[in-house]
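The values are calculated or read from the model by the stated rules, or taken from the named source; none is laboratory data. Quick caveat, the model's predicted, so the values are computed rather than measured. No Cβ is skipped: glycine too gets one built from the backbone with ideal geometry, and neighbour counts run over all protein chains shown.
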Amino acid sequence: MFPIDHFLRAAIKFPNRIAVKDGDTEITYVDLAAQANALAAAIQSIDPNPQTRVGICGYNTVEHLLAWLATFASGKTWVPLNPRNGKPELDRICEVTGPTIVFVDADCSDKVNSGFATRITAKLGSAKPEEKTLAGLVDAFMGKMPKRHDINLDDLQAIKFTGGSSGQPKGCMQTYRVWNTCITSMLIEFNFDENDRHLLAAPMTHGTNTLIMPTFAAGGTQVLMGPAKPAAIIEALEAERVTSIFLPPTVIYMMLDEEGIEDCDFTGLKHLIVGGAAIRKDEVQRAMSVFNNALETCYGQTEAPQIVTCMRSEDWIKPENWASTGRATCNTRVETMDPDGNIMPCGESGEIVVKGDLVMKGYFEMPDKTAETIIDGWLHTGDVGVIDDRGFIYIKDRIRDVVITGGFNVYPSDVETVLGQHPDVTECVVFGVPDRKWGEALTAAVEVRKGSSATSEEIAAFVKERLDAVKTPKVVHIVDELPRSPVGKVLRREAKVMFTPKEEASA
């Protein structure tokens, strides 16, 4: 049983159900399976060897989805290439992984130097007549079936690169076993069924893709949309009667700020899954009331994708759980560990460690980094957390993000939670800046609502009233826009670089 089998079995079970909806275009399971098999056969005609890499660079389109399914069906290893990333990073990923085939949408064709790989234009635009196109290959191979390779469950299904927020991006080797574990865990934890309609808003190259195969396995529908602006997502949620969507917190904050959001009809929504970063607990209650009490969350890393923990809406609606990421999921063991490798008792903080079939095989061609990260079978996440006596997990911060100021340890998330309660603050990030007096000076950068007259001093005073002097930022920078990743995640490291004086950075 391999990940693609979840889709292929659904195509047999639900042949005439709608698998994909893109505007007025609807594709049934039987038709999508025929196209995916044809394209997989075409891929094998170009490169018959199993386990070689296929890169896919494109936005959320039918063509991207089809190339993704065909890559799995052909026995290849998927290398996601997010077109929102810079060209140097994408070129480096291609250089390191050496794909033999690269699918690229015409509207981002300049983003990737595919080298010696066979280049296939996925979504058409200004493709040259001599170029291979996805549509042309599907037509040419329609009716043909790909060869089923004898592949081991511990062989690679994907090489997905970390965002690089902790330094040089690393290629996480995700096996077939990892993917099967992620799919089955999603099905068990979220109870997807044939009535689910999954809106692909966040990039397919990231967390959104982990919901695709579970939705297919249950016989549900993938709903595609154009540019995923907050207002457009709101419109799609209503018009398409969407039941499930994956979004980062930043997008949810922007949606909550949209005029008229309180009057929208989200009664069809069952799973608004928050991922990529922790949502501020002060926003949970409002988001619950607006989004049909459908707010849910899961925690994972590229090293252990998406669903290490899970919080369903019935648990997250309780105030005592607002700051939690839920409990460990069915196939995964989660503990906290001290620096000496001892498992910590309930209620005591330590590094969150993970064991089970969800854990990656290692970092691609980085055995030293792998050995540093996976020790005695435990994936060391780099996150500090606490597990309470009910099994609920509370993540405090990244180990390296702890700010040591004046000899005291300050977790940025504690300060960010309070900053987020300020009525004029819409987004924030807290970090330490080298300081000769304090060692590190606690510093904040915030975005405020349009027309706000709030000052840095007022915002700092707001924090001091609710925490203490140690946890009050020495400086609060009010900015028009915080640095963000291609998927909208606020980048602490980049913000720190922006506001570290050059003389301190070089000291």
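Of the listed requirements (1) surrounded by fewer than 17 Cβ atoms within 10 Å (Cβ to Cβ); (2) closer than 23 Å to residue 405 by Cα, residue 449 misses just one: (2).
Got at least one residue in region 202-223 being surrounded by 21 or more Cβ atoms within 10 Å (Cβ to Cβ), at pLDDT below 95 and of a type in the set (Gly, Ala, Ser)? Within region 202-223, one or more residues are surrounded by 21 or more Cβ atoms within 10 Å (Cβ to Cβ), at pLDDT below 95 and of a type in the set (Gly, Ala, Ser). The set of residues in region 1-51 being without any contact (Cβ under 8 Å) to a residue 24 or more places away in the chain, assigned to a loop (DSSP other than H, G, I, E, B) and touching a helix residue (DSSP H, G or I) at 6+ places or on another chain (Cβ under 8 Å) consists of 15, 16.
Scanning region 52-76 for residues that are in a strand (DSSP E or B) and either out of contact with any helix residue (DSSP H, G or I) (no Cβ under 8 Å at 6 or more places or on another chain) or over 16 Å from residue 4 (Cβ atoms) (or both) gives 53, 55, 57. Count of region 284-328 residues, restricted to those that are among the hydrophobic types (A, V, I, L, M, F, W, C) and surrounded by fewer than 17 Cβ atoms within 10 Å (Cβ to Cβ), is 1.
For residue 250, the criteria (1) hydroxyl-bearing (Ser, Thr, Tyr); (2) over 30 Å from residue 171 (Cβ atoms); (3) in contact (Cβ under 8 Å) with a residue 24 or more places away in the chain hold in every case but one, which is (2).
Within region 428-446, restricting attention to residues that are closer than 12 Å to residue 403 by Cβ and in contact with a Gly (Cβ under 9 Å, 6 or more places away or on another chain), which residue is surrounded by the most Cβ atoms within 10 Å (Cβ to Cβ)? Looking at residues that are closer than 12 Å to residue 403 by Cβ and in contact with a Gly (Cβ under 9 Å, 6 or more places away or on another chain), I get 442.
Beta carbons closer than 9 Å, at least 6 apart along the sequence or on distinct chains, never pair a first residue in region 486-501 that is assigned by TED's automatic domain parsing to the domain that holds residue 58 and crowded, with 17+ Cβ neighbours inside 10 Å with a second that is of a type in the set (A, V, I, L, M, F, W, C) and in a helix (DSSP H, G or I).
Scoring residue 364 on the criteria (1) within 30 Å of residue 155 (Cβ to Cβ); (2) hydrophobic (A, V, I, L, M, F, W, C); (3) more than 22 Å from the chain's Cα centre (by Cα) leaves a single failure, condition (3). The residues on offer are 354, 386, 359, and the sole one that is at pLDDT 95 or above, in the same structural domain as residue 323 (by TED's automatic domain parsing) and outside any strand (DSSP E or B) is 359.
Contact map, region 216-244: first residue farther than 16 Å from residue 260 by Cα, second residue of a type in the set (Gly, Ala, Ser) and surrounded by fewer than 23 Cβ atoms within 10 Å (Cβ to Cβ), Cβ cut-off under 6 Å, separation 6 or more or different chains; pairs are 225/236; 241/268; 243/268. Within region 399-427, if we keep just the residues that are in contact (Cβ under 8 Å) with a residue 60 or more places away in the chain and assigned to a strand (DSSP E or B), the residue that is farthest from residue 325 (Cα to Cα) turns out to be 405.
Restricting the search to region 368-383, which residues are in a strand (DSSP E or B) and either under 15 Å from residue 343 (Cβ atoms) or outside the structural domain of residue 355 (by TED's automatic domain parsing) (or both)?
Initial filter on region 368-383 (in a strand (DSSP E or B)): 374-375, 378-383.
Correct list: 375, 378, 379, 380, 381.
Tell me yes or no: at least one residue of region 414-423 is more than 30 Å from residue 346 (Cα to Cα) and surrounded by fewer than 19 Cβ atoms within 10 Å (Cβ to Cβ). Yes: one or more hits.
For (1) in contact with a Leu (Cβ under 6 Å, 6 or more places away or on another chain); (2) farther than 19 Å from residue 196 by Cα, each residue gets a yes or a no:
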{"position": "1", "(1), (2)": "no, yes"}
{"position": "8", "(1), (2)": "no, no"}
{"position": "17", "(1), (2)": "no, no"}
{"position": "22", "(1), (2)": "yes, no"}
{"position": "53", "(1), (2)": "no, yes"}
{"position": "62", "(1), (2)": "no, no"}
{"position": "65", "(1), (2)": "no, no"}
{"position": "69", "(1), (2)": "no, yes"}
{"position": "73", "(1), (2)": "no, yes"}
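Only a single criterion out of (1) buried (at least 24 other Cβ atoms within 10 Å of the Cβ); (2) assigned to a loop (DSSP other than H, G, I, E, B); (3) in contact with a Phe, Trp or Tyr (Cβ under 8 Å, 6 or more places away or on another chain) is not satisfied by residue 83, namely (1). Among the residues of region 495-506, is there at least one that is within 30 Å of residue 205 (Cα to Cα) and assigned to a strand (DSSP E or B)? No - not one qualifying residue is present in region 495-506. On the given criteria, is residue 502 of a type in the set (D, E, K, R) and at pLDDT below 90? For residue 502, the condition - of a type in the set (D, E, K, R) and at pLDDT below 90 - is met. No other residue among 180, 191 is modelled with pLDDT of 95 or more and on the phi > 0 side of the Ramachandran plot apart from 191. For residue 104, the conditions (1) surrounded by fewer than 21 Cβ atoms within 10 Å (Cβ to Cβ); (2) within 23 Å of residue 162 (Cβ to Cβ) all hold with the exception of (1). Restricting region 403-440 to residues that are of a type in the set (Val, Ile, Thr) and over 27 Å from the mean Cα position of the chain (by Cα) leaves a set whose member that is nearest to residue 477 (Cα to Cα) is 433.
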